[in-house]
Amino acid sequence: MRKLQVRLCIESVATGSILKALEANTSVRFFYAVCHELLHSISFDSFTINEGRMERAVLERRSGLGVLVEDQNRLDTYFDDINEAVTDRLTELFVQYVDQNPEAGITITKSDGFATAAYYASSTYEKEKEHLDEILEEIHRKNTDTFKNTEEVFTLFVRAMIRGDLLPLARAVENTYGKGSFRKLGKSTKA
């Protein structure tokens, strides 16, 4: 199973945004794209075997916050937009940390128009990150006895993405928005 995960990770890293960043030849953007895709690769993954009459298929049941759900006889990935928003926010924090801490051992060349990588915020997934910020603020606002700030709420999302701990996140969402709201949120942010 681990070989399958590694293969999927390599396929993900070898395509998409990393190739675009390489073509643009921008060091901060390239570093950012690599970090973003690597965060996806270390996120929680689980797989299921779907056995049909003629073939057997391995399906990714969970990827980070993304959850494969059969909805009206088709497969959808719920929470996909939120998964990308959380991944992008973590990437921004990591790039900022690396830029501000020389002991990290990584030097980011600031030759692509950014004054400093610490102020570099990705222009990708802007709408998704705005939606995530609204959710974080609302959960905090309605649960100040449980969460001191939005960072603590964000930690729930990160744990769900990295460790697979969806239940504490689901409880926080349901306590804030009402019964059934976690599923509605997933459906409204599906791929």
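Worth a mention:
- Test for GLU60: is it at negative phi, modelled with pLDDT of 75 or more, touching a strand residue (DSSP E or B) at 6+ places or on another chain (Cβ under 9 Å) and not polar (S, T, N, Q): yes
- In segment 29-49, residue surrounded by the most Cβ atoms within 10 Å (Cβ to Cβ) [restricted to those that are free of Cβ contacts under 8 Å to residues at least 40 places away in the same chain and small (Gly, Ala, Ser)]: ALA33
- Residue that is modelled with the lowest pLDDT [pool: residues in segment 73-91 that are over 15 Å from ILE162 (Cβ atoms) and buried (at least 19 other Cβ atoms within 10 Å of the Cβ)]: THR77
- Among the residues making up segment 163-182, those that are assigned to a helix (DSSP H, G or I) and touching a helix residue (DSSP H, G or I) at 6+ places or on another chain (Cβ under 7 Å) are LEU166, PRO168, LEU169, ALA170, ALA172, VAL173, GLU174, THR176, SER181, PHE182.
The values are calculated or read from the model by the stated rules, or taken from the named source; none is laboratory data. Fair warning: this is a prediction, and the values are worked out from it, not measured in the lab. Neighbour counts are summed over all protein chains in view; Cβ atoms, including those assigned to glycine, are modelled from backbone coordinates with ideal geometry.
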